[in-house]
Amino acid sequence: MELIIKNLETDVLIVGGGTAGCFAAITIAENSKAKVIIAEKANLKRSGCLAAGVNALNAYIVKGQTPETYLNYVRNDAEGVIREDLVYTISQRLNAVTEKMETLGLVILKDESGEYVSRGNRNIKINGENIKPILAEGVRKSQNVTVLNRVNIIDYIVQEGKVIGAYGFSLDQNILYVIGAKAVICTTGGAAGLYKPNNPGFSKHKMWYSPFNTGAGYAMGIRAGAEMTTFEMRFIALRSKDTIAPTGTIAQGIGAQQINGLGEEYEKNYGAGKTSLRMYSTVMENKVGRGPCYLKTVGISAEQEGDLYKAYLNMAPAQTLRWLENGNGPAAENVEIEGTEPYIVGGHTGSGYWVDTKRGTTLKGLYAAGDVAGGSPQKYVTGCFAEGEIAAFSVLAYLQGATKLVPDIEESKKKLAEVNQYLSSRVSFYTVEEVEEAMQKIMDEYAGGISSGYTYNSRKLQEAKKRIIEVLDISQKLVAEDLHQLMLIYEVIDRLYVCQTLIAHLEARQETRWHSFQENADYPNRDDENWLKFVNSRFEAGKIKMVMRDLIKKDDIYEHKD
Ligand SMILES: Cc1cc2nc3c(=O)[nH]c(=O)nc-3n(C[C@H](O)[C@H](O)[C@H](O)COP(=O)(O)OP(=O)(O)OC[C@H]3O[C@@H](n4cnc5c(N)ncnc54)[C@H](O)[C@@H]3O)c2cc1C
């Protein structure tokens, strides 16, 4: 089997039709006549983080709160290392994008006075099982937007120092798309599957983050030399054991406390309730022998129990099924909790492209939004919408002066040859699954995965670095029998690039700022004097170069200079 080239051209190429990507497309269509292509590796209707639905919008300015209070919350939770310009510009748009979703058909729960029903200080409740089809329908109705479903984008086309499109292959036909564009917005989400997951074998994809977001956007940016930030701030989710269902619904929904195996509340012993400390305190209780740990639900009312059944059916049905199957609901049995493997996800923590205030990356013509963009944690669904909108308006301004460059034919042929070599009849001694497992084992054991209590040190990272390079070398000799396997090969190669960058970042931050998320055994304490700054990196001539950057204030307009 061999692929053949098909050329396409557009004004704006959006890579990844998820939360941020769809919202960006709708914004461009509503405000211009620009032609847009969304290239999506799955199907827009049920792809990415929203595929299974969500039951709350975690970022909303509820009554009595302001964009400033949201900014303060994010700064505090991220121990000071945030891009205030990014977080603030997101917070200012949270409520407007929510209203926009309501006009598209999203059901947002309201009280008797017509106010949205809030859950805590920043959260509103929705009937979100259909949020993705609603968004996809909004895109379908948009003028000048073409959706390419089941097209896996693999690399940017970079010419004359600009990103002028991307290469991607169809998962259904023998086609390598060469998509030329005046501007590109990357919205491919974060990276799952870097580390050995909680569950083995058939259940390995029962993980917190979308298993199909495999860091393609990061990897394409890394290979093209884009600057990346804060990969060392990994995200580890505290989940219900085995089902890996969310715990926030129980903790915030009914105010359940975390208790250890002795029935003691322990979170307060580790500091104020920050996201990373909820996780870290659980790791430590298990480490000192006071596990297993639970969310204390025993004794909740029948109504609360019924609400939990329904809430989980909206987003993690396995949890409700497990309760019903066991014959014991949360009112009778506390819910055991555990940490997941670490992910790289800029919508929860700060990892991703280093962008300017307009969401332009350090590569001209390339913008980034959502989980793939760094510097602004706690974006969640609405923050990704907001960033998609900001990137869309910035691209429209950029298009005014942009000329279209035609992708070079010789470069396209080289890319075609690269892709086709995986489809050739050469012999590979490894399968893509074996390569994936090797990568995950290395990351688990040497780069702070579950088995090492999320802790690492520089000697272990050196070992991880060496072994990941070996696996990357092997991965380039893999063979695909069909287009699905071809995609799996590109996914594992992308993750290996992300792993390399992640290891370099973990090594560079010589302190421990976010317990568990970034637990450096060589430097176990937080060091504000030296490390209240960004750790960034660029992949240049096959090597990762680290760059340190200062913090940026709320009203600063940040532009790339060097
Ligand atoms: C399990 C879970 C529950 C959550 N619950 C909530 C919640 O209740 N409330 C809340 O506010 N937030 C929640 N979040 C967070 C929120 O859903 C995400 O932050 C947000 O949806 C991410 O948006 P995104 O556009 O960055 O990525 P996504 O929406 O995941 O979009 C990325 C898209 O890119 C596509 N893609 C990836 N690689 C390629 C490629 N190579 N080529 C083409 N396409 C590609 C993917 O298929 C996907 O469609 C949750 C997240 C998860 C994982």
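Distance from the alpha carbon centroid of segment 51-122 to that of segment 360-377 works out to 21 angstrom.
Among beta bridges identified by DSSP and lying wholly in the chain, the antiparallel ones come to about 60 percent. Each residue, Asn269 and Lys533, gets one label point 7 Å from its Cα in the Cβ direction; the gap between the two is 3.8 nm.
Compute the Cα gyration tensor for segment 212-264, then decide on rounded, prolate or oblate, letting a ≥ b ≥ c be the square roots of its eigenvalues: rounded whenever a/c is under 1.5, prolate when a/b is larger than b/c in the other cases, and oblate in all that remain. Taking the square roots of the gyration eigenvalues as a ≥ b ≥ c, segment 212-264 is prolate. To the nearest ten degrees, helix 432-446 and the longest principal axis of the Cα atoms of the chain are 50 degrees apart. Charge tally around Lys206: other residues with Cβ under 12 Å, Lys/Arg +1 each, Asp/Glu -1 each, net +2. Label sites at Asp307 and Asn328, each approximated as a point 7 angstrom past Cα along Cα to Cβ, lie 2.4 nm apart. Taking amide H atoms as placed 1.01 Å from N in the peptide plane, the amide H of Ile14 lies under 5 Å from those of Ile37, Ile38, Ala39, Ile185, each 5 or more residues away in sequence or on another chain. The label point for Lys553 and the one for Asn420, both projected 7 Å from the Cα toward the Cβ, are 5.8 nm apart.
By how many degrees, 0 to 90 and rounded to 10, does the Cα axis of helix 302-315 deviate from the longest principal axis of the chain? Between the helix axis and the principal axis of the chain, the angle is about 10 degrees. Distances between placed amide hydrogens fall under 5 Å for Lys6 paired with Leu176, Tyr177, Val178, all partners being 5 or more residues away or on another chain.
Residues within the reach of a label modelled at Phe202 (point 7 angstrom out along Cα to beta-carbon, backbone nitrogen below 16 Å), restricted to segment 222-252, are 243. Based on the Stokes-Einstein relation at 20 °C and a viscosity of 1.002 mPa s, and on the Kirkwood radius from alpha carbon pairs, segment 451-562 is assigned a translational diffusion coefficient of 130 µm²/s.
Here the chain is treated as a sphere whose radius is the Kirkwood value from Cα pairs; by Stokes-Einstein at 20 °C and 1.002 mPa s it diffuses with a coefficient of 90 µm²/s. Helix 483-508 against the longest principal axis of the chain: what's the angle in degrees, Cα atoms only, rounded to the nearest 10? With rounding to tens, the tilt is 70 degrees. Stokes-Einstein diffusion for segment 10-116, with the hydrodynamic radius set to the Kirkwood value over Cα pairs and evaluated at 20 °C in a medium of 1.002 mPa s, equals 133 µm²/s. About its Cα centre, the dipole of segment 1-84 is roughly 280 debye, where the only charges are +1 on Lys and Arg Cβ and -1 on Asp and Glu Cβ.
For Glu437 and Asp111, FRET efficiency with R0 = 41 Å and r from the beta-carbon atoms, rounded to 0.05? Computed FRET efficiency for Asp111 and Glu437 comes out at 0.25. Residues in segment 211-216 carry Karplus couplings, in order, of x, 8, 8, 10, x, 4 Hz; the curve used is 6.51 cos²θ - 1.76 cosθ + 1.60 with θ = phi - 60°, and Gly or Pro positions show x. Oblate is the label for segment 293-436. Its Cα gyration tensor axes, ordered a ≥ b ≥ c, give a/c of at least 1.5 and b/c at or above a/b. A Förster radius of 30 Å combined with the Cβ-Cβ distance from Glu68 to Asn525 puts the calculated FRET efficiency at roughly 0.50. Structural descriptor for segment 22-181: relative contact order 32 percent, calculated from alpha carbon pairs under 8 angstrom and at least 6 residues apart. For a 21 Å ceiling on Cα separation, which of these pairs sit above it: Lys287/Lys465; Lys415/Lys477; Lys414/Lys545; Lys6/Lys182; Lys63/Lys125? Exceeds cut-off: Lys287/Lys465; Lys414/Lys545. Of the peptides 299-306, 100-107, 220-227, the order by per-residue mean of other Cβ atoms within 10 Å, starting with the highest, comes out as 220-227, 100-107, 299-306. Here's how it looks for Lys379: its modeled amide H is under 5 Å from those of His348, which are all 5 or more places away or on a different chain. For the listed peptides 15-25, 423-433, 56-66, a ranking on the average number of other beta carbons within 10 Å per residue, highest first, reads 15-25, 56-66, 423-433. A full extension of the chain between Leu262 and His560 corresponds to an added length of 102.0 nm, given 0.36 nm per residue minus the alpha carbon distance.
FYI, it's all coordinate maths here, none of it is from the lab. Remember, predicted model here, so these are calculated numbers, not experimental data. Cβ: placed from backbone, ideal geometry, glycine included. Neighbour counts: every protein chain shown.
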